[in-house]
Structure formats: structure tokens, C-alpha cells
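The values are calculated or read from the model by the stated rules, or taken from the named source; none is laboratory data. Predicted model, so just to flag it, every value in this text is computed and none were measured. Cβ coordinates were reconstructed from backbone atoms using ideal geometry, including for glycine residues, and neighbour counts include every protein chain displayed. What goes into the accessible areas is simple: the full protein's heavy atoms, side chains included, and nothing from ligands, DNA or RNA. Shrake-Rupley method; radii C 1.70, N 1.55, O 1.52, S 1.80 Å.
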Amino acid sequence: LSVRDATLVDVSARMTEISFVKDGNIAFVAAFPFGGRTITERMSRELKLSFADAERLKSQLGQMLLPEDLERKARAIITESLLEWRRVWKEKIALDPEIIFPDRIYLSGGGALSFGITSVFEDETIRQELFISASPVVTVLDAPALADRRISGEKLSGPGDVSLAALMLSDDIR
């Protein structure tokens, strides 16, 4: 990646970690207990679905034909969950009021593939609230994005293979 100035956001199953990288150094890190599983559990509970069905619904929403009422409810749950994610993010970064996040944002982890998560960075008001510069370039580091990357000669199959910090700090990523 050769990251010098970027925001690295790892949305795992249970946690979100935000790392602000300035001049190639990690200048700020915050973590909070909210991940992709948080949304899945809420969908499972509120829609009375099995966890597996809720996970499938979350990951495929917008790609499959659903009854209108179910799609509306699922989208509402995801929207409300992302608003909560945004609120907690805002609280965490308020700890360091000097932070202005750069215009490159890398998302990784299974939760980064959640429907709608990149939309959090598209609204100007939200970007201002989260101290993100105008018009950030948001890249989701999923398996296709990492298909040609290697670390120590080994090909990466997806974001679970290495942490964002390892991607950023490794000299031998190709």
C-alpha cells in the first residue's frame, strides 16, 4: 500500500479499529466494540431470523429480490446500526480534537463488506462530523482488491490474512 497519510478502518466481526496514519506513522488509534456481527445479531433479533439467514440478508441486500416489507425493515436496521457506529466513532475521535483524517480511507475486515458502510463517508455533513476531509477516496480491501498483493512472497487471499498495520508497515509488500 505504501501508506503515508490515510485512515485505516478495520471493521471485524465484533470490533472497529480506526488508525490515523500521518507521514507513515500511526498518529492515532481508537477501537470500539462494534462490528459486522453487531448488525447481523440485531437483524436476527428484530427480524426473527436465524443468525445465518440474517448474515446472508445483510451481505446480499440490494443484490437479491426480497419482499418489500422485509427489504425496508432490513435497510432500516442497517441504517440505524450505521448511525450508532458513526456516533461511537465521533465520540472516540473527539478524544483528540487535532485530528483531521486524510482523504484516503481503507476499510478492511468482514464488517467492511456490510451493505451501506461506505455510504457513511459519502455525506458531507457526516464527513465534517467525523473530521474527514472533503471527498475521501474509500477503498474496501476485500479479496479482489488484494488479489495481486504479496507479503514475504506469499500471495494474500483477503483482508483476514494480515492486519492493516502489517500492510502499512511491511517493506516487502508487492
**Q.** Selection within the range 78-94 - open to solvent by 10 Å² or more (accessible area, probe 1.4 Å), farther than 13 Å from PHE34 by Cα and among the hydrophobic types (A, V, I, L, M, F, W, C)
**A.** ALA94
Q. How do the pairs read when you match residues in the range 44-66 that are over 17 Å from THR79 (Cα atoms) with residues anywhere that are among the small types (Gly, Ala, Ser), using Cβ under 8 Å and keeping only pairs 6 or more apart or on different chains?
A. SER50/SER44; PHE51/SER44; ASP53/SER44; LEU66/ALA74
(Q) Quick test of your reading of the structure: SER108 fulfils all but one of (1) of a type outside the set (A, V, I, L, M, F, W, C); (2) touching a Ser or Thr at 6+ places or on another chain (Cβ under 9 Å); (3) touching a residue at least 40 places away in the same chain (Cβ under 8 Å); (4) open to solvent by 50 Å² or more (accessible area, probe 1.4 Å). Name the failing condition by number. (A) (4)
